[in-house]
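Structure first, commentary second.
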Amino acid sequence: MRQRLGCSGVTSKIDLEARGKALDIVKYSMRELLEQIERGEKPTLIMPKRTLSNTIYDLKHKMLLLGPELQKRSFTDVNEAKKFMQTLLMASIIYEALRNNEYPTIRDLYYRGKHSIVYRSIDGKRVSENTWDEQRESDSVIRDLEVLLSVLREDLLILSKEKGKVVGNLVIRSGDDTIDLSKMGHGAYSIEPTPDLIEFIDVDAEYILVVEKDAVFQQLHRYGFWRKYKAILVTSAGQPDRATRRFVRRLSDELKLPVYILADSDPYGFYIYSVFKAGSITLSYESERLATPSAKFIGVMMTDIFGDSVFKKIIKEREARKTLEEVATGIEDLKPKTPYLSESERSNFIIKAKTKDLERAVELIGYKVADVCMEDKDAKSKIKRKEGLTGYPWFATPHWVRELCIFFNTLSKLEIEAMASKGLKFLADKYIPEKISSGDWID
Amino acid sequence: MSQYDEVYRAVSPAEFFYKYREIAGFANPVRAVYQTVRELVENALDATDVHGIPPDVKVTIKKADETQEFYQITVEDNGIGIPPNIVPNAFGKVLFSSKYVMRQSRGMYGLGVKMVVLYAQMTTGRPVEVITSKPNFKRIYYFKLRIDVNKNEPVILEAGSWRKTRDWHGTIVSVTIEGDWNRAKSRVLEYINRTATILPYANIALLTPENEIIYYPRVVNTMPRPPVETKPHPQGLDLEFLSSLVKNTGFETLEKLLINSFQSIGEATARQIIQKAGLDPAKKPESLTNEELLALVNAIKSYDKYRPPSPKSLSPLGEEIITAGLKRAFEPEFVTAVSRRPSAYSGHPFIVEVGLAYGGKTPIGEDKPVVLRYANKIPLLYDEATDMVVEVVKDEISWDNYMVSLPAPILVLVHVCSTKVPFKGVGKESIADIPELRREVKLGIMEAARGLKQYLSKKIREEEAKKRAENIAKYIPEVARSLSIILADEDSFNAYRSEVVRKLTTVVAKRTGVSLDLIQGIVKSVEAEAGV
């Protein structure tokens, strides 16, 4: 069914249904608020607390989730009144956009809601203040609305920039169109900002490979990797956006296919993997729908570059072994690893780690591992101020201890492009298939 | 007669004061105008409120000569009047006074009005005119008299009387003096103003030579309780007083003299004192030698079991009158008054009263609150720097602790009433530093300041509550609009929105404890600016 509506032009049926649902959710929540006012109660919004202290790592589901703490935002609490007003203002703008068949971005919403409230204060002064000044404020209110209404912004038809891409033996329906993702030529399908409106129609694939770097994605695509190995090839082009994460999660859930992540061999690459797998700290309320707990890191690992000899040497020493065992038990039971790179390749491809890399690595695994594995005194002094950090619980595994220990010891990092430089054939026909078939990944 | 001889002769008191008029405040033509007004007004007030009559006092100052700076000053009161046989001495003989009893009154030395008469005589040569009648008299009496300086005797120039045609009582005194009105004017106005400040129960009017009328109308009907005459307290005794007492006594024995002349001395106490002085209780008072008198004084003063002096002889203004007076004068935002309990120093009872005004038309105190000092209802206008009260206000009270951040519109009024106010010097313009008095002044001010602090902190709390309410109320229109966008139909949007505004206004008023009006005012101002 095609219908012409407002300025938005032709809207798909799926869209219309999504809008109807979103309008109801907003209306329901606001009606509750109105009832409070009518009963003479103080109008109060009750929502999960969106703070770091209320972010917990759920060991069972292996993802970052919002904790049980609730936040009460009362209009009559002078410290909350402005936020309350902003929350309702944002709800009304989103509601209007939904009703008018529009697709605002978060920047649009910022501009639509930004205006001055002018009043005469009790001491007679004319005072003017803005509903909000920076987009940071309106973005924060959008996040509040997401937890208040327990919907994602995509469900409210709020768009963000398309970043992720996908190709592979997969047929989908997007809007009113059916798209075969194996017939995209040299291009790829841009993952739409509302991935929940995509319908999976047909699939012929054995796994999903998510590549951090767009350039590597393109090389593998042109090489015909996905056709040859029956893969669905996805790239997040750097830090994954919400749509890419949700799309990967749906592929994993609904197609029951394993997900492998290929990222740079550096703390940033490791972190991108963990965002796919466990969620991010700032957006922990979305993890339940965005995280893919079964995602596996296939590379590039430090052990792919250096093997495990460095690590073995370190844990020969009793004290070091003991300290690392405290971080994650089982480091001695790890399977031995031989490197994919030769001595000369290593010296050509690796890059020296920067202070920022070191700091990020300490954040991931904690200071103890750095302290034990790092030999360079200069580098050690640079991370001294991070002393006391314990790292994220989901990195406290023997595999990651070994990976980051080698990183601290060698102070080296490597980009995936380097693996491609060794030869696209090596990457596509040896490195990736071999690692998948031998189970050489970190879960 | 050689140059080493000197002529000694007795000088009459009138002659003495004539020569040393500076002591009594007539040092120059400016001071003379002020002092004349003051002496006459104080007598007028003593003739009224001391006797329970709400004062009506009218002061008229007129130019009395075309070429010379002569002014006729007339003060009329509605007081108890003066018996005609007393009038000549009351105005014409120095040291004749009714004021030797122990009770609080304004004048103390009984000199004032005679000095005025003397000064008038000396500068203009014109006599004093007195018209007077007591309440139960059928006639009104008229006198024109002067003082014979050498003899210290009144000279009656004219006298007469006529029947009352209306129910009038009181006294009108009129003198003509040479003075500098132009320069005295501001002082006189200040004196009248300050006097009126603590007498809200009085009608006080002043007509100036420029025909300006300054009028302070009565605003309360409450009167201070009149002082009751009491016998002196033994602790206030000195040798001089005792000497004159024993000479003029009608009592046969020393014991009876003590029992009947002092408060707090009964038979038992009298015997103990006399025994301690080593005297015979039956001794005739007139026969006491100087040594015996001294022994008696010491015995009386060293006895330490007297009851404190009776405060009945005092006439404090009371909190109500002070409050009313400050309100009339300054229309303050906050006012309080404290009447301390009676206390005593050296046998003299006293009461300290404190008034405190804040805000409104209260003058600004720069480094300390403005201080208005009064002694026995007389304003003290000069010598502020050396006054104990001012010292206390400035140095002993941390105004910060009472939430007063100076400069601020704050004023402290201190009234000391006593049968003997301890003045510094004969100028009677500043209060001396007596520890008992200082303590009472300090405690009185602190008590009043606590009242102010309570008021100010409540005001701050209320203002904070208002500010909080404001910071919520300003969002009501936006919240109501947002809710209505989501919940209302397009046609009923405005009515819906108004209804939500109304309900939210009620909820916010209820929750913040601030008036509905204030919330509505802010909401309306937002709507007006937004063009709703």
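At q = 0.07, 0.08 Å⁻¹, work out log10 I(q)/I(0) for chain B with the Debye formula, treating every Cα as an identical point scatterer and leaving solvent out; two decimals please.
Log10 I(q)/I(0), no solvent term: -0.55, -0.67.
Near the amide H of residue A:181, under 5 Å away, which other amide H atoms are found, from residues 5 or more places off or on another chain, if H is placed in the peptide plane?
Amide H to amide H, under 5 Å and 5 or more residues apart or across chains, residue A:181 pairs with A:170, A:171, A:172.
Over all residues in A:76-87, what is the mean tally of Cβ atoms on other chains that come within 10 Å of each residue's Cβ?
5
Take peptides B:127-135, B:158-166 and line them up by average Cβ neighbours within 10 Å, highest first, as a rough protection proxy.
Result, highest mean Cβ count within 10 Å first: B:127-135, B:158-166.
Give the long-range amide H neighbours of residue B:423: residues separated by 5 or more places, or on another chain, with amide H under 5 Å away, using H modelled in the peptide plane at 1.01 Å from N.
Answer set, sorted by chain and number: B:432.
Residue by residue through B:441-453, how many Cβ atoms from other chains fall within 10 Å of the Cβ on average?
Mean shielding count: 0.
Find the Cα radius of gyration of the range B:13-216, compare it with 2.2 N^0.38 Å by division, and give the number to two decimals.
Rounded to two decimals, the normalised Rg is 0.96.
Taking Cα centroids, how far is the range B:364-417 from the range A:228-270 in Å?
82
Only bridges with both residues in chain A count here: give the DSSP antiparallel percent, nearest 5.
Of the beta bridges lying entirely in chain A, close to 70 percent run antiparallel.
Within 10 Å, at most 11 other Cβ atoms, and a DSSP state outside H, G, I, E, B define an exposed site. Report the longest part of chain A free of exposed trypsin sites (Lys or Arg not before Pro).
The segment A:257-443 is the longest one with no such site.
Would you please give the residues with an amide H less than 5 Å from that of residue B:344, counting only those at least 5 places away or on a separate chain, with H modeled from the backbone geometry?
B:350
Report the charge-dipole magnitude of chain B in Debye, nearest 20, computed about the Cα centre from +1 at each Lys and Arg Cβ and -1 at each Asp and Glu Cβ.
Its charge dipole is roughly 1260 debye.
For the range B:474-530, just the Cα atoms, rotate onto the principal axes and tell me the three extents in Å, largest first.
Largest first, the range B:474-530 extends 34, 23, 14 Å along its Cα principal axes.
When the helices in chain A are scored as -39500 (n - 2.57) per DSSP H run of 4 or longer and the sum is shared across all residues, what 222 nm value do you end up with, to the nearest 500 deg cm²/dmol?
-13000 deg cm²/dmol
With a/c under 1.5 counting as rounded, go ahead and sort the range A:42-157 into rounded, prolate or oblate using the C-alpha gyration tensor (a ≥ b ≥ c being the square roots of the eigenvalues; past the cut-off, prolate if a/b is larger than b/c, else oblate).
oblate
Taking chain A as a Gaussian network, where each spring joins two C-alpha atoms under 10 Å apart, which residue of A:124, A:40, A:224 fluctuates the most?
Checking each option, the largest mean-square fluctuation is seen for A:124.
Go through the range B:47-61 residue by residue and turn each phi into a ³J(HN,Hα) via Karplus (6.51, -1.76, 1.60, θ = phi - 60°); whole Hz please, and just put x for glycine and proline.
7, 10, 5, 4, 9, x, 9, x, x, 10, 10, 10, 10, 10, 10
Give me a comma-separated list of calculated 3J(HN,Hα) values for the range A:372-388, in order, Karplus coefficients 6.51, -1.76, 1.60 applied at θ = phi - 60°, integers in Hz, x for any Gly or Pro.
The phi angles translate into 6, 8, 7, 9, 5, 5, 4, 4, 4, 5, 6, 9, 3, 6, 8, 4, x Hz.
Along the range B:338-348, what does the Karplus equation 6.51 cos²θ - 1.76 cosθ + 1.60 (θ = phi - 60°) give for ³J(HN,Hα), rounded to whole Hz, x for Gly and Pro?
Each residue's phi maps through the Karplus curve to give 10, 10, 6, 5, x, 9, 8, 9, 6, x, 9 Hz.
Counting Lys and Arg as +1 and Asp and Glu as -1, each charge on the Cβ, what is the dipole of the range B:314-456 about the Cα centre in debye, to the nearest 20?
360
If all Cα-Cα distances of the range B:234-302 are sorted into 10 Å bins from 0 onward, what percent lands in each bin, rounded to whole numbers?
Reading upward from the zero bin: 23, 67, 10.
Computing the accessible area with a 1.4 Å probe over protein heavy atoms, can you report the carbon and sulfur percentage for the protein assembly as shown?
Of the solvent-accessible surface of the protein assembly as shown, carbon and sulfur hold 50 percent.
Just the number please: accessible area per residue for the protein assembly as shown, 1.4 Å probe, all protein chains included, in Å².
Here the residues of the protein assembly as shown average 45 Å² of exposed surface.
Connecting C-alpha atoms closer than 10 Å in a GNM of chain A, tell me which of A:203, A:300, A:216 has the biggest fluctuation.
In this elastic network of chain A, the residue with the biggest mean-square fluctuation among A:203, A:300, A:216 is A:203.
Assuming a ≥ b ≥ c are the square roots of the Cα gyration tensor eigenvalues, decide whether chain A counts as rounded (a/c under 1.5), prolate (otherwise, with a/b larger than b/c) or oblate.
Because a/c hits 1.5 or more and a/b fails to exceed b/c, chain A counts as oblate.
About its Cα centre, what dipole magnitude does chain A give when the only charges are +1 on Lys and Arg Cβ and -1 on Asp and Glu Cβ, stated in debye to the nearest 20?
For chain A, the charge dipole is close to 480 debye.
Based on the alpha-carbon gyration tensor of the protein assembly as shown and its eigenvalue square roots a ≥ b ≥ c, which shape applies: rounded if a/c is under 1.5, prolate if not and a/b is larger than b/c, or oblate?
Prolate, because a/c is 1.5 or more and a/b exceeds b/c.
Sorted by average packing, counted as other Cβ atoms within 10 angstrom per residue and highest first, what order do B:55-62, A:186-193 take?
B:55-62, A:186-193
Sequence gap of 8 or more, or different chains, plus Cα separation below 15 Å: how many lysine pairs satisfy both in the range B:314-456?
Lysine pairs satisfying the spacing and distance rule in the range B:314-456 number 7.
Only Cα pairs within less than 10 Å get springs; with that Gaussian network setup on chain A, which residue of A:166, A:118, A:141 has the largest fluctuation?
Looking only at A:166, A:118, A:141, the biggest GNM fluctuation is shown by A:118.
How far is helix A:13-38 tilted off the main Cα axis of chain A, in degrees rounded to 10, range 0 to 90?
60
The values are calculated or read from the model by the stated rules, or taken from the named source; none is laboratory data. Computed from a prediction, not measured in an experiment: that's the story for all the values here. Glycine also receives a Cβ, built like all others from the backbone with ideal geometry; neighbour counts cover every protein chain displayed. The accessibility values were calculated without ligands, DNA or RNA, using every heavy atom of the protein model including side chains. Shrake-Rupley method; radii C 1.70, N 1.55, O 1.52, S 1.80 Å.
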